[in-house]
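Colleague: Below is one structure. I have some questions about it.
Derivation of every value follows stated rules applied to the coordinates shown; laboratory data play no part. Everything numeric here is computed off the predicted structure, so don't read it as measured data. Glycine gets a Cβ as well: all are built from the backbone with ideal geometry, and neighbour counts include every protein chain shown.
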Amino acid sequence: MAKKEKKKKLNRRDFIDRGFRFSIGAGLVGLSGLLAKKSFSNEYVWQLDPEKCIQCGRCATECVMTLSAVKCFHVYDMCGYCDLCGGYLRPGVKKLTTAAENQLCPTSAIERKFIEEPFFEYHIIEELCIGCGKCVKGCNAFGNGSLQLQVNHRLCDDCNECAIARVCPADAFERVPADNPYKFSGNSKDETKKS
Amino acid sequence: MKKSLSIIFLLIIFSIQIYNVIAIQRFPKPEFESGHTQPPTLTPSPRAQALDILDVFVLAAALSIVSWLVIKKRSRKGVFWMSVFAVLYFGIFREGCVCSVGSLQNVTLALFNPEYSIPLTVIAFFILPLVYTLFFGRTFCAGVCPLGTLQDIFALRPMSIKSWLEKVLGVIPFIYLGLAVLYAATGTDFIVCRYDPFVGFFRFEGTFMMFIIGGLLLLIGVFIARPYCRFLCPYGALLNLVSRFSRKHITITPAECINCKLCEDSCPFEAINKPVVLKDKEEKPIASRRFIFISVIIPLLVLIGGFTASQFHENLAIVNPKVRLAKELINNTNYGEPNEEAFEITAFKSAGQSKEELYKEAAEITNQFYIGGWILGGFLGLVFGFTLLSLSVFRYREDYTPNKGTCISCARCVDYCPVLPEDRSL
């Protein structure tokens, strides 16, 4: 009896509303089902592919962070530990010293350390690196390519759409799974996968 | 004999070196005599995934609490404190991304691009507010969305604006929604994220333009409450449509409206429907003739809209970087740079794709924009048509009721109602 009374109360307006409500609800369920089927439970993060990168320098300026989240990473495994480092020294310098005018890095973010004759080790000082990629270009041109630009995930805000990806001329930015968030090029690949 | 041997030896050395150049390992890895060990490459890990799951839980909890506060508790104070929480958690702590407003683009991209697989948290951020809206009205806007709540806190001296202006500006979110879907579906850009005005305030850093637009919107928001939500937000447009059919919705009065008019000016968003006196009603023949006329021209509007938008498909497509690159290459304009080769062209040359392939790809994308233009224009024609139709519909009302579409359930009007609930237990 109670049910019948309820039915009687239902006027035309309510009936239409209810119809729309159920169809929207069904639509939402269907949509989420469709999306969940395509979904990948992992989160994605942004990373750049050093093999596509042309070191244009936009990473330094286009990131939403005031000091770009893109930094130079040193893949020590690829480094030749050269004395005459193409990533550290400006080409065509008169004296081979560590004076600021001889350094390629505009912020002196590369630290040079003597190991043994004739090897030198180069460290990136993350706080100083602006991600301009000048050293990367030098290292690619004259050395082994062990200096590579990467998104530092401790700093990256992981915007829904990366502001650098939007302007990257080489289309090097892509979404990668968060559990394997770095993309080094060259023979370092296997090494980083292991670790 | 010796000479030829030495030449062969040299050749072998050269070939090894050439091989090395290809592998980029120009200099061999040193072997240290002093026992120095090579340091590892540091790879700082991203934000823990557990935090993303926590975000979804906080979202669901916040939606539930705000819905409860609005529907059951009827407490403006509670909603206000939830908005402060939303700004602090979803805004400042989470730094704004992913938000529900932006997630609609991820969903579109996932539907149109088979290669993009969407994370579950993003689906949750898109679906949960819509589901809650279907049940309780736009409680998401009231106290969960960081963009909306930030403006809500700044709505200090709200003024009323003309209702025709409100209607006209209310069409903009649908245009924005249509464009956002078009650009996301073609994989071009996420324009809602690109022109997000407030994310800079949450992160305390951003581009100059972002702060200018955001600051301007907040300044306008002091007088015209929530300008972004009402006249821009594309997700708000979706919620507006869904909320019209919500199962429950905030009511101004807890019992029976006594037409005291106290709530009349309480809504800063002009979302209260006033009672309509019967004598205001137009004469029936004129009204029904207009209704029929508009109903007939809606299909016409859809066609006109579709045709117009599809005519602009090349202008719409130029935003796509591939289309732009193809155009620059064909016209040989080098991105307007007189001296050096543009980075895009350098990158294109080093990537090794042939020009023909690029042109083919660009033509395909442009064609997608042509089809998308028809759909976008048709959709906008439909929106215009229904807006006109809604203006000419007369609905008789005795009480003050919230407009279920535009009401964002902020519960401001509740405090103005002098009527006491009949039964406290309700």
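Colleague: For chain A, with a Gaussian network of springs between Cα atoms less than 10 Å apart, report the residue from A:Ile24, A:Ile164, A:Ile124 with the top mean-square fluctuation.
Modeller: A:Ile24
Colleague: Also, I was wondering about something else. May I ask you to order B:353-365, B:185-197 by the average number of other C-beta atoms within 10 Å around their residues, highest value first?
Modeller: Top to bottom by mean Cβ count within 10 Å: B:185-197, B:353-365.
Colleague: Let me ask something else. Using a simple spin-label model with points 7 Å from Cα along the Cα→Cβ vector, what separation in nm is obtained for B:Phe204 and B:Ile330?
Modeller: Using points 7 Å along Cα→Cβ, the separation is 4.9 nm.
Colleague: Once you have the Kirkwood Rh of segment A:44-194 from its Cα pairs, apply Stokes-Einstein at 4 °C and 1.567 mPa s and quote D in µm²/s.
Modeller: On the way: Rh = 15.8 Å.
For the chosen part, D equals 82 µm²/s.
Colleague: Report the GluC sites (Glu not before Pro) located in segment B:30-113 that are in a DSSP loop and have at most 11 other Cβ atoms inside 10 Å of their Cβ, or state none.
Modeller: Passing both the DSSP loop test and the Cβ count: B:Glu31, B:Glu33.
Colleague: Once fully extended, how much extra length lies between B:Leu420 and B:Lys355, figured as 0.36 nm per residue of separation less the alpha-carbon to alpha-carbon distance?
Modeller: 16.0 nm
Colleague: For chain B, what number results from the quotient of the Cα radius of gyration and 2.2 N^0.38 Å?
Modeller: Rg over 2.2 N^0.38 Å, computed on Cα atoms: 1.33.
Colleague: While we're here: Within the set of other residues whose C-beta is less than 10 Å from the C-beta of A:Cys162, count the net charge using Lys and Arg as +1 and Asp and Glu as -1.
Modeller: -3
Colleague: Loop sites only, by DSSP: take the trypsin sites (Lys or Arg not before Pro) in chain A that have at most 14 other C-beta atoms within 10 Å and name the longest stretch containing none of them.
Modeller: Values: sites that count: A:Lys94, A:Lys95, A:Arg154.
So the longest stretch without any such site is A:1-93.
Colleague: Ok, one more. Among B:Pro114, B:Pro299, B:Pro275, which one shows the biggest mean-square fluctuation in a GNM of chain B, springs joining Cα atoms closer than 10 Å?
Modeller: Maximum fluctuation in the GNM of chain B, among the listed residues, is at B:Pro114.
Colleague: What does the charge count around A:His153 come to, taking other residues whose C-beta lies under 15 Å from its C-beta (Lys +1, Arg +1, Asp -1, Glu -1)?
Modeller: Taking every other residue near A:His153 into account, the sum is -3.
Colleague: GNM, chain A, Cα, under 10 Å: largest mean-square fluctuation among A:Glu51, A:Glu117, A:Glu62?
Modeller: Top of the fluctuation ranking is A:Glu117.
Colleague: While we're here: Excluding same-chain pairs closer than 8 in sequence, count the lysine pairs in segment B:257-416 whose Cα atoms lie under 24 Å apart.
Modeller: Number of lysine pairs found: 14.
Colleague: Highest first, please rank the peptides B:331-339, B:316-324, B:283-291, B:166-174 by the mean number of other Cβ atoms sitting within 10 Å of their residues.
Modeller: Result, highest mean Cβ count within 10 Å first: B:316-324, B:166-174, B:283-291, B:331-339.
Colleague: On a 0 to 90 degree scale, rounded to 10, what angle separates helix B:321-331 from the longest Cα axis of chain B?
Modeller: The two axes meet at around 60 degrees.
Colleague: Just to confirm the number: angle between the C-alpha axis of helix B:234-243 and the first principal axis of chain B, 0 to 90 degrees, nearest 10?
Modeller: 40 degrees
Colleague: Report the charge-dipole magnitude of segment B:186-294 in Debye, nearest 20, computed about the Cα centre from +1 at each Lys and Arg Cβ and -1 at each Asp and Glu Cβ.
Modeller: About 420 debye.
Colleague: How high is the FRET efficiency from B:Asn403 to A:Ala99, r the C-beta distance, R0 60 Å, rounded to 0.05? Display every interim value, and only then the final one.
Modeller: Working: r = 71 Å, r/R0 = 1.18.
It comes out at approximately 0.25.
Colleague: For the peptides B:236-244, A:96-104, A:28-36, B:397-405, what is the packing order when you average, over each peptide's residues, the other Cβ atoms within 10 Å and list the highest mean first?
Modeller: The densest-packed peptide leads the list: B:236-244, B:397-405, A:28-36, A:96-104.
Colleague: While we're on this one: Relative to the first principal axis of the alpha-carbon coordinates of chain A, what is the inclination of helix A:12-38, with its axis defined by its Cα atoms, in degrees from 0 to 90 and to the nearest 10?
Modeller: Once rounded, the angle reads 30 degrees.
Colleague: P(r) tail for segment B:266-313, what percent of Cα pairs lie past 14 Å?
Modeller: 72 percent
Colleague: Right, next: Counting each DSSP H run of 4 or more residues in the protein assembly as shown as -39500 (n - 2.57), what helix-only mean residue ellipticity at 222 nm follows after dividing by all residues, to the nearest 500 deg cm²/dmol?
Modeller: -15500 deg cm²/dmol
Colleague: Give me the one-decimal Kirkwood hydrodynamic radius in Å for the protein assembly as shown, with the sum taken over alpha-carbon pairs. Could the numbers behind the result be given before it?
Modeller: On the way: mean 1/r = 0.0354 Å⁻¹.
After inverting the pairwise mean of 1/r, the radius is 28.3 Å.
Colleague: Next question, about the same structure. Based on alpha-carbon centroids, what's the gap between segment B:214-284 and segment B:151-165 in Å, whole number please?
Modeller: Segment B:214-284 and segment B:151-165 have Cα centres separated by 11 Å.
Colleague: Turning to a different aspect of this structure: So, in nm, how far is label B:Glu340 from label A:Glu111 when the simple model puts each one 7 Å beyond its Cα toward the Cβ?
Modeller: Output for this residue pair reads 3.1 nm.
Colleague: Given a Förster distance of 56 Å, report the FRET efficiency between B:Ile286 and B:Gln311 from their Cβ-Cβ distance, rounded to the nearest 0.05. Each step should come with its number before you reach the end.
Modeller: Working: r = 36 Å, r/R0 = 0.64.
Plugging the Cβ-Cβ distance into 1/(1 + (r/R0)^6) gives 0.95.
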